């Protein structure tokens, strides 16, 4: 099957927070997974980890504990991803907490692995996003681009234009929607679903613009060849 002109993935950050409890329970197995992170198909790594692949049982831990937004899963070079539409639904405990922690963590991971990834921290500083966040004046979506790297269209879970357009839907997200709360009334579920839907629809043009830009870039690359 030939590769399509544009390849993009929807990546959903997991709503999961352990406060260090589970992640510290089986640290050796986490190291095993990280050591062979880009092995496709999975292959034993050199050294002591080799025996673990032949053991009758293996203790695995949710990859979200290592990188809560699953960028490593889509950044393998063989995937040739052009656009990542990312939704950061990670637990922040409170709406006022910094919402880019896991995106920055993904950038640092990519640098350590020499994987192409757009500049995140530098752009956040250049755009004074932290100051905007402190004023509760940041946006619902941000676009991060870079040469030879996928474009990231990153949606932050925030109730901004949704509550302005619908005053009756003015509600705080965290901590009402927490990791270890397992039951929600239908009204609570529906309003969160409508919030996410609203944020996507309100910013759909940014997604379309990114797609068009990537298509034009790839067409230009073909002509140069």
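The distance between label points at residue 180 and residue 130 comes to 3.0 nm (points 7 Å beyond Cα on the Cα→Cβ vector). Computed log10 I(q)/I(0) for region 128-225 at 0.20, 0.21, 0.24 Å⁻¹: -1.08, -1.14, -1.30, from the Debye equation with unit scatterers placed on every C-alpha and solvent omitted. Taking the number of Cβ atoms within 10 Å of each Cβ as an exposure proxy, the fewest-first ranking of 145, 187 is 187, 145. Averaging 1/r over every pair of different alpha carbons in region 54-176 and inverting the result gives a Kirkwood radius of 16.2 Å.
Report, for region 76-225, the % of DSSP beta bridges that are antiparallel, rounded to 5. Antiparallel: roughly 40 percent of the beta bridges in region 76-225. Simple spin-label estimate for residue 164 and residue 54 gives 6.3 nm between the two label positions (7 Å along the Cα-to-Cβ direction from each Cα).
For residue 190 and residue 137, a Förster radius of 25 Å and the Cβ-Cβ distance give a FRET efficiency of 0.40, rounded to the nearest 0.05. For the pair region 115-144 and region 198-213, the centres of their Cα atoms are 17 angstrom apart.
The ranking of 173, 208 from fewest to most other beta carbons within 10 Å of each one's beta carbon is 208, 173. Remark: the residue 116-residue 216 segment gains 34.0 nm on full extension, using 0.36 nm per residue and subtracting the alpha carbon distance.
Among 92, 172, a tally of other beta-carbon atoms within 10 Å of each Cβ gives an order, fewest to most, of 172, 92.
Where a number appears in this text, it was derived from the coordinates with a stated rule and is not lab data. Since this is a predicted model, take the numbers as computed values, not measurements. When we count neighbours, we look across all protein chains shown, and the Cβ atoms used for this are built from the backbone with ideal geometry, even at glycine.
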